[in-house]
Amino acid sequence: MDAKVGNGAGFRDESITNLLVYSFLHTRNNSNFHPELEALGQELPVGVCLEADHDDELQTDDSENQEIIHSIAWHLAEIGDELDRSIQPGLVNQLAMHFRNPGLSEEGRRHYLAATVEEVMQTYATDMEQEKAKLITAMLLVRKVADHTPSLLRDIFHTTVNFINQNLLTYMRDLIRNEMN
């Protein structure tokens, strides 16, 4: 599947989002989709790191900054573990069903993912900022759908990266910059 993002997010942003979602998924090794995750990891771009530059972009080069993304992913996964119970199995089954539909476009997949994220967020009783809750929810849904149907990991992973880059890119950049300072 082509992982291009046609939403204004550049290669660096996409690579950073790939690393964040991959690291989030990798924090829990007791999943049904571990072999699929390892295979996906081999396909993702390497050398993703961060550094602020004058163009207000995130740069890629430095392994110390990869650790920042891994640390953020670990922290978000810990929060996600608390929110995990809010995701009803029926919603996961429904989302998996949509992703199994070979006729559904990438836009259609993003639509169903966004609708499911919104539905799950209505069940949260938290004072967490909305963007953070959306980011965690989207990544939790990747984990739960892939755990439910491991063969869907690649598709839901790339759709989620696109969703994050389209809807939460500024929040993700700020989260990383704050961690760097």
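The values are calculated or read from the model by the stated rules, or taken from the named source; none is laboratory data. None of the values given here were measured: they were computed from a predicted structure. Using ideal geometry, Cβ is built from the backbone for each residue, glycine included, and neighbour counts are taken over all protein chains shown. Ligands, DNA and RNA are stripped out before the accessible areas are found, and what is left, the full protein with its side chains, is counted by its heavy atoms. Shrake-Rupley method; radii C 1.70, N 1.55, O 1.52, S 1.80 Å.
Hey, any hits in the range 107-120 for a residue that's within 18 Å of V161 (Cα to Cα), basic (K, R) and either open to solvent by less than 40 Å² (accessible area, probe 1.4 Å) or modelled with pLDDT under 95 (or both)? Among the residues of the range 107-120, at least one is within 18 Å of V161 (Cα to Cα), basic (K, R) and either open to solvent by less than 40 Å² (accessible area, probe 1.4 Å) or modelled with pLDDT under 95 (or both), which makes the answer yes. Whether a residue is in a helix (DSSP H, G or I), closer than 16 Å to S23 by Cα and polar (S, T, N, Q) was assessed, and T137 passes this test. In this structure, does H148 turn out to be at pLDDT 95 or above and of a type outside the set (S, T, Y)? Answer is no for this residue.
Collect the residues in the range 77-95 that are closer than 22 Å to R173 by Cα and crowded, with 16+ Cβ neighbours inside 10 Å, keeping them in residue-number order. The answer is A77, I79, G80. Per this entry, H98 is not counted among residues that are open to solvent by 70 Å² or more (accessible area, probe 1.4 Å), in a helix (DSSP H, G or I) and not acidic (D, E).
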